[in-house]
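Asks: Dumping the structure here so I can ask a few things about it.
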There are 2 protein chains.
Amino acid sequence: MLGRQHQSFNYGTAAPGYGSAPNYGQAPGYGYGGQPARHHSHRGPPPGADPQLWTWFSSVDADRSGSISATELQAALVNGDWSNFDLDTVKMLMSIFDTDRSGTIGFNEFAGLWKYISDWQGVFRHFDVDRSGSIDGHELANALRSFGYNLTPQILSLLEQKYATPVSTGYGPPPGITFDRFVRACVVVKTLSESFQRMDTDRDGWITINYEQFMNIVLSAP
Amino acid sequence: MLGRQHQSFNYGTAAPGYGSAPNYGQAPGYGYGGQPARHHSHRGPPPGADPQLWTWFSSVDADRSGSISATELQAALVNGDWSNFDLDTVKMLMSIFDTDRSGTIGFNEFAGLWKYISDWQGVFRHFDVDRSGSIDGHELANALRSFGYNLTPQILSLLEQKYATPVSTGYGPPPGITFDRFVRACVVVKTLSESFQRMDTDRDGWITINYEQFMNIVLSAP
Ligand SMILES: [Zn+2]
Ligand SMILES: [Zn+2]
Ligand SMILES: [Zn+2]
Ligand SMILES: [Zn+2]
Ligand SMILES: [Zn+2]
Ligand SMILES: [Zn+2]
């Protein structure tokens, strides 16, 4: 910041109160470790486990290995229109909650994942004001504004185009953004904004980056 | 470019000969128009149509509307392991080949799409040297190098993590990048590199951009 001649740039920060986005997980960054999946076979819940959470964990852990793979998670997670979550969204969830980088979600990690999805479901229902089961452009703009992101109409339009499910001909669900892609869009905006902000040390809204840094930032976002 | 003190930066350009990536389509940019899908019902092929192409087009056009929706395209396109193409890859293909921005692929547009997929299938088979049916990190690095992209190990590793299908526990296909995600990864590298290059008018490998430009570039890539 060089002084008064620079306007300090507002990137948006999660606003307090209802409208704020769920906690994005404590794991730093995005990406997988290279370790193979570790499997510990369990016959029952760990002592003190929440019975409801254990029941859902067990139903997702289809092969009874004691931990949840990306494949098992994708098979278990469905949107309001019964479509499965995208692989990219499933990988994003794994990377946030597989904190020990085993390649799978253990029961302790699952508790965080379950709360995260529940919280986002609340946010989704709150902003789906027309109860269509999907988020349209206006609803997306309202959600991101309430999270503190003041995006231009052009950026909002790009986001809507990128994350919406295209109109299916004839019958079918209304076009718009399904739950999984809504969560991914919001995390992408947050991740990219934070990466930009980290580079913009003087907070004037401009950064100077080289090709390697640019590719690194973009490919690190979900 | 200020002169000799700047080293001109090599972004990579599609190399001539076999290793080069298929033509990325003539449509400018990425993204959908806002128009609703137009439907013209056809009972038969247009005069002079390739019978084989017409047969495949008709089988993809499940509702016999005379044009192919994103939903129809996604249902028709499968990888070597029988998984369906990701919605993001299907939307990318639609945005390249729906040149009249009708929201659907007509028969004339389909000819280009069909050739594009066939060409990429040849590239995929060429670089899948271990015949695993998927592209691993080394195979991806070889493919991108042959297209002229000299990416660092870190960027290649990020690409592999982002586009690979995670290991499924127990049996299942080997981990790696399936066909649809391989094509998307290559188009993403090309799109981002070209966007960076367009901003880097003096070709020294550095750009100065603001938040709006940054978000615009990133969200315009598939
Ligand atoms: Zn400044
Ligand atoms: Zn399991
Ligand atoms: Zn809605
Ligand atoms: Zn220069
Ligand atoms: Zn159709
Ligand atoms: Zn292979």
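The values are calculated or read from the model by the stated rules, or taken from the named source; none is laboratory data. The shown structure was predicted, so the numbers you read here are calculated from the model rather than taken from an experiment. Positions of Cβ are generated from backbone atoms using ideal geometry, with glycine treated the same way; all protein chains shown enter the neighbour counts. The area values use the complete protein model at the heavy-atom level, side chains included, leaving out ligands, DNA and RNA. Shrake-Rupley method; radii C 1.70, N 1.55, O 1.52, S 1.80 Å.
Asks: Does the range A:197-215 hold any residues that are within 25 Å of B:Val188 (Cβ to Cβ) and either within 16 Å of ligand 3 (Cβ to nearest atom) or open to solvent by less than 50 Å² (accessible area, probe 1.4 Å) (or both), and which are they?
Replies: Within the range A:197-215, A:Asp200, A:Ile207, A:Ile209, A:Asn210, A:Tyr211, A:Phe214, A:Met215 qualify.
Asks: Specify which of the listed residues (B:Trp206, B:Trp114, B:Trp120) is in contact with a strand residue (DSSP E or B) (Cβ under 6 Å, 6 or more places away or on another chain) and on the phi < 0 side of the Ramachandran plot.
Replies: B:Trp206
Asks: Can I ask one more? Are any residues in the range B:54-79 part of a helix (DSSP H, G or I), open to solvent by 20 Å² or more (accessible area, probe 1.4 Å) and hydrophobic (A, V, I, L, M, F, W, C), and if so, which ones?
Replies: B:Trp54, B:Trp56, B:Ala75, B:Ala76
Asks: Also: What are the residues in the range A:103-136 that are within 30 Å of B:Thr165 (Cα to Cα), small (Gly, Ala, Ser) and away from ligand 2 (no atom under 16 Å from the Cβ), if any?
Replies: Once the filter is applied, which keeps residues that are within 30 Å of B:Thr165 (Cα to Cα), small (Gly, Ala, Ser) and away from ligand 2 (no atom under 16 Å from the Cβ), the range A:103-136 yields A:Ala111, A:Gly112, A:Ser118, A:Gly122, A:Gly133, A:Ser134.
Asks: Still on this structure, I have one more. Cβ contacts < 8 Å: first residue without any contact (Cβ under 8 Å) to a residue 40 or more places away in the chain, restricted to the range A:120-137; second residue within 16 Å of ligand 5 (Cβ to nearest atom), any location; separation 6+ or different chain. Result?
Replies: No pair meets every condition.
Asks: Looking only at the range B:92-100, decide whether some residue is outside any helix (DSSP H, G or I), over 24 Å from A:Asp86 (Cβ atoms) and either in contact with a helix residue (DSSP H, G or I) (Cβ under 9 Å, 6 or more places away or on another chain) or at pLDDT 95 or above (or both).
Replies: So far as the range B:92-100 goes, yes, one or more of its residues are outside any helix (DSSP H, G or I), over 24 Å from A:Asp86 (Cβ atoms) and either in contact with a helix residue (DSSP H, G or I) (Cβ under 9 Å, 6 or more places away or on another chain) or at pLDDT 95 or above (or both).
Asks: State whether one or more residues within the range A:178-193 are assigned to a loop (DSSP other than H, G, I, E, B) and in contact (Cβ under 8 Å) with a residue 40 or more places away in the chain.
Replies: Yes, there is a match, as at least one residue in the range A:178-193 is assigned to a loop (DSSP other than H, G, I, E, B) and in contact (Cβ under 8 Å) with a residue 40 or more places away in the chain.
Asks: Residue pairs, Cβ under 6 Å, 6 or more apart or interchain, first in the range A:194-222 and assigned to a strand (DSSP E or B), second within 13 Å of ligand 1 (Cβ to nearest atom) and acidic (Asp, Glu). List them.
Replies: These pairs meet every condition: A:Ile207/A:Asp200.
Results for (1) among the hydrophobic types (A, V, I, L, M, F, W, C); (2) at pLDDT 95 or above, shown as yes or no for each residue.
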| position | (1), (2) |
| --- | --- |
| B:Gly176 | no, no |
| B:Phe179 | yes, yes |
| B:Val189 | yes, yes |
| B:Thr208 | no, yes |
| B:Ala221 | yes, yes |
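Asks: Same structure, new question: Is it true that some residue in the range B:49-65 is in contact with a Phe, Trp or Tyr (Cβ under 8 Å, 6 or more places away or on another chain) and either closer than 21 Å to A:Tyr163 by Cβ or of a type in the set (D, E, K, R) (or both)?
Replies: Checked against the condition, which is being in contact with a Phe, Trp or Tyr (Cβ under 8 Å, 6 or more places away or on another chain) and either closer than 21 Å to A:Tyr163 by Cβ or of a type in the set (D, E, K, R) (or both), the range B:49-65 yields no hits at all.
Asks: Pairs please, first residue from the range B:142-161 and open to solvent by 20 Å² or more (accessible area, probe 1.4 Å), second anywhere and in a helix (DSSP H, G or I) and of a type in the set (Asp, Glu), Cβ atoms under 7 Å, 6+ apart in sequence or on different chains.
Replies: Hits for this filter: B:Thr152/A:Glu212.
Asks: Okay, moving on. Determine whether A:Leu113 is assigned to a helix (DSSP H, G or I), out of contact with any Pro (no Cβ under 8 Å at 6 or more places or on another chain) and within 25 Å of A:Leu192 (Cα to Cα).
Replies: Yes; evaluated as a whole, the condition is true for this residue.
Asks: Any residue that is within 16 Å of ligand 6 (Cβ to nearest atom), surrounded by fewer than 21 Cβ atoms within 10 Å (Cβ to Cβ) and over 26 Å from B:Ala62 (Cβ atoms) - is there at least one of those in the range B:112-125?
Replies: Yes, some residue in the range B:112-125 is within 16 Å of ligand 6 (Cβ to nearest atom), surrounded by fewer than 21 Cβ atoms within 10 Å (Cβ to Cβ) and over 26 Å from B:Ala62 (Cβ atoms).
Asks: Every residue in the range A:80-95 that is away from chain B (no Cβ under 11 Å) and surrounded by fewer than 21 Cβ atoms within 10 Å (Cβ to Cβ), please.
Replies: Hits for the range A:80-95 are A:Gly80, A:Asp81, A:Trp82.
Asks: Working only within the range B:99-116, note down all residues that are free of Cβ contacts under 8 Å to residues at least 40 places away in the same chain and either touching a Ser or Thr at 6+ places or on another chain (Cβ under 8 Å) or within 14 Å of chain A (Cβ to nearest Cβ) (or both).
Replies: B:Ile105, B:Glu109
Asks: Report yes if some residue within the range B:123-137 is of a type in the set (S, T, N, Q) and outside any loop (DSSP other than H, G, I, E, B); otherwise report no.
Replies: no
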